[in-house]
Amino acid sequence: MAEGIRTESSEGAEHVVVVGAGLSGLATALGVALRGGSATVLEAADLVGGAAAYSGGQVWSGANHVAERNGIKDSLELTEQYIRAIAHDSPELLDEAAMKRWIETSPEAMKYWEETGAIQWAMIPGLADYHNEAEGALPEGRYLTNAVIDGSVLGSWRERLRYSPYFPVGQTYDEMLGKGRRASYVEEDAPAKHGHVGLPAFGLADGSHGKNESEDGDPLTFGTGVVASFLARVIAEPSIEILLEHRVSELLTDSSGAVIGVEAESPAGPVQFRGPVVLATSTYDWDPELVREMLGMDPEDFGSVAPETLRGDGIRLARAVGGDITKIPPTAVPILPGWRSQVGTGYGYGPEYAMPHSMIVDARGNRYCNDSYWVDIVAKTLNPDDRHLPFFLVWDDQHRQKYGLAATPPGGEYPDGWVDSAPSLKDLGQKLGIDGDQLARTAERFSENARKGEDPDFGRGTVTYVNKFAGDPANKPSPVLGEIAQGPFHGLRLKFVGTGIGSSGVRIDGDGRALDGQRNPIEGLYVVGSAAGMSTTGTGYNSGIALGRGLTLAYLVANQLSGSRDAASADLREAVR
């Protein structure tokens, strides 16, 4: 049932309608309320949190105050150098004004959210920027996440919080990175310490609350914890209502074309809400038509691990009132190698493809990319001049014994029909429908180099972020390299899976205003989070930018909806000093 209490705005402030109760939507509503306004948040699902709650909870922000208090030197200039460096492939897709607005405002926004009690930030230690070779990159300091929050502070809303099945919620980044991400899912003391074994895509697949109660309470971390932090502050504001199971079906406009409200489908039937509208609906993962338009892929090659309510609603709603779309090439979209889930009809993903004793090949049995690094996997697999679909994950029995895969623990047996296995690589190739002889030759060369901890062909093991976040810290000489030599051998056809960051989305300016085809703002319509096209960074991406940009846009949009943009910005800057 829908929940929430409607209250009136303070005198002179408009009531705001926010479409989507993910992180950016909750933050926008909170920003409006903190400035004396009121907001209704309409969520299509019966849970709050959206894709952010499923994520690793990384919030990327250059020159942020948390890094500064940890003694790390950064600057806006270095941040801009880094973004320009990673967006160099298609500079024409980079909105210069929006980029600078985001970079300059992000530190201010992160400090504001902490100062106003929305979150207590913690820096993720030792996690480098993706592109460690790029100008302006830092070895640590730009990734923020929440300090541990206990679920009890949410009261009855704890049951309505989406809970990640993909990260070991309850552990901290310190703990996870120390053991390795995969090991943290299957540690023997996990049930006693955290209340569950966090095998990815195992249980909790519906995003249910997954309460983590133990003698240590109900600790919430990763994306679930970041959302919980904001949600706790939101529910303390009487001028915000959250209505679940309210999917917005139409934007309402006046005779001039300005957006003045929405119509939504509710459990009680159609309802309308009036006021300026903020689209915070995330992306298009579960709409095959939009996936085909934006990514050029059909269901046989694409799935999603994001909530199934991510159906491109923001794109469709904005288009219906003249909104333009920013399209980012598929080769630059942050999608990941994944697989069909072992249970149900969903999909899964995890670090296993990047771990030792595995490699990715195409139908000819060849490697063609740095197959531990999704950026290179996506760029090379979807290269329009040299596509490598279908693509396959191949591993040996050392990988099975050490790491398992998805819900199969280390040393476990894979479900019947889920993977193909064979005594030799040649036989495995025949089962997978690829060139078995070439597969064996590829594995032989890969293994020869892996034993030395190197990959002269494609550079596996050279990306510091991947080594830390996805590798096995106990494996020597490289956390992501190991021979493929011990039978039986195993393989499966991979899919790309979306995580709720589609990159293509509604075109906005640097302040989050929706733009039409002539680049003019559509009055009364704003877009935050992954519903907005990623013109801020163009073809460049780094983990955490989606959430970091989303929280920055929420801050900017709340400014505008709460009075004079310039006056509000000055007041807010003063408040966080």
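The values are calculated or read from the model by the stated rules, or taken from the named source; none is laboratory data. Since this is a predicted model, take the numbers as computed values, not measurements. Here Cβ is always computed from backbone atoms with ideal geometry, including for glycine, and neighbour counts include all displayed protein chains. Ligands, DNA and RNA are excluded from the accessible area calculation, which covers all protein heavy atoms including side chains. Shrake-Rupley method; radii C 1.70, N 1.55, O 1.52, S 1.80 Å.
Which FRET efficiency, nearest 0.05, do ASP437 and LYS476 yield, Cβ-Cβ r, R0 25 Å?
Values: r = 31 Å, r/R0 = 1.25.
It comes out at approximately 0.20.
Compute the Cα gyration tensor for the range 317-386, then decide on rounded, prolate or oblate, letting a ≥ b ≥ c be the square roots of its eigenvalues: rounded whenever a/c is under 1.5, prolate when a/b is larger than b/c in the other cases, and oblate in all that remain.
Since a/c reaches 1.5 but b/c is at least a/b, the shape of the range 317-386 is classed as oblate.
Work out, step by step, the length gained on full extension between ARG519 and LEU76: first 0.36 nm times the residue separation, then minus their alpha carbon distance; give nm to one decimal.
156.8 nm
Starting from the Cα of GLU237, step 7 Å along the direction of its Cβ; do the same at GLN120; then give the gap between the two resulting points in nm.
Distance between label points: 2.1 nm.
Give a quick list of trypsin sites (Lys or Arg not before Pro) in the range 51-135 that DSSP marks as loop, anything other than H, G, I, E or B, with at most 14 other Cβ atoms within 10 Å.
Sites meeting the loop and neighbour criteria: LYS73.
If each of GLU68 and ASP386 carries a label point 7 Å out from its Cα toward its Cβ, how far apart are those two points in nm?
4.6 nm
Rounding to the nearest 10 and keeping the result within 0 to 90°, find how far the Cα-based axis of helix 565-575 lies from the longest principal axis of the chain.
Taking Cα atoms only, the helix is inclined about 70 degrees.
For the chain, take the longest principal axis of its alpha carbons; what is the angle in degrees between that and the long axis of helix 23-34, to the nearest 10 within 0 to 90?
The angle comes out near 20 degrees.
What's the carbon and sulfur percent of the chain's accessible surface, probe 1.4 angstrom, rounded to a whole number?
The value for the chain is 47 percent carbon and sulfur by accessible area.
Which loop-located GluC sites (Glu not before Pro) does the range 90-145 contain, where loop means any DSSP state but H, G, I, E or B and the Cβ has at most 14 other Cβ atoms within 10 Å?
Qualifying residues, ordered by number: GLU133, GLU135.
List the GluC sites (Glu not before Pro) within the range 58-89 that fall in a DSSP loop (any state other than H, G, I, E or B) and whose Cβ has at most 10 other Cβ atoms within 10 Å. Could you put the intermediate results ahead of the total?
On the way: sites: GLU68, GLU77, GLU80; in loops: none.
Answer by residue number: there is no such site.
Could you work out the relative contact order of the chain, using alpha carbon pairs under 8 angstrom and six or more residues apart, expressed as a whole percent? Provide the component values of the computation, followed by the final result.
Numbers: 1444 pairs, mean separation 129.8, N = 577.
After rounding, I find 22 percent.
At R0 = 35 Å, how high is the FRET efficiency between HIS88 and GLU289 if r is their beta carbon distance? Nearest 0.05 is fine.
Approximately 0.65, to the nearest 0.05.
How much net charge surrounds VAL419 when only other residues with a Cβ under 11 Å from its Cβ are counted (Lys, Arg +1; Asp, Glu -1)? Mind dumping the intermediate values first?
Details: positive: ARG340, ARG400, LYS431, ARG493; negative: GLU413, ASP416, ASP420.
Result for the neighbourhood of VAL419: +1.
Which value at 222 nm does the chain reach when only helices count, each DSSP H run of 4 or more adding -39,500 (n - 2.57), with the total divided by all residues and rounded to the nearest 500 deg cm²/dmol?
The helix contribution divided over the chain gives -8500 deg cm²/dmol.
Restricting to the chain, what percent of DSSP beta bridges are antiparallel, rounded to 5?
Antiparallel: roughly 65 percent of the beta bridges in the chain.
Counting only heavy atoms of protein chains, what accessible area per residue, in Å², does the range 521-562 have with a probe of 1.4 Å? The partial results should precede the final answer.
On the way: 540 Å² over 42 residues.
With all protein chains present, the range 521-562 gives 13 Å² per residue.
Could you tell me the center-to-center distance, by alpha carbons, between the range 119-184 and the range 12-90 in angstrom?
Answer, in whole Å: 15.
Heavy-atom accessible area per residue, the range 330-448, 1.4 Å probe: how many Å²?
Per residue, the range 330-448 has an accessible area of 36 Å².
With the cut-off at 1.5 for a/c, could you classify the range 288-333 from its C-alpha gyration tensor as rounded, prolate or oblate?
Oblate, because a/c is 1.5 or more while a/b does not exceed b/c.
Taking Rh as the Kirkwood radius, which is the inverse of the mean 1/r over Cα pairs, what is the Rg/Rh value for the range 445-567?
Reported Rg/Rh, Kirkwood definition of Rh: 1.20.
If I histogram all Cα-Cα distances within the chain using bins 20 Å wide from 0, what percent of pairs lands in each bin?
Computed distribution, short to long bins: 22, 56, 21, 1.
Note the angle between two axes, namely the Cα long axis of helix 222-234 and the longest principal axis of the Cα atoms of the chain, as a number of degrees from 0 to 90, rounded to the nearest 10.
Helix 222-234 sits roughly 10 degrees off the main axis of the chain.
Quick one: grab the alpha carbon gyration tensor of the range 426-483, order the square roots of its eigenvalues as a ≥ b ≥ c, and give me rounded if a/c is under 1.5, else prolate or oblate depending on whether a/b is larger than b/c.
prolate
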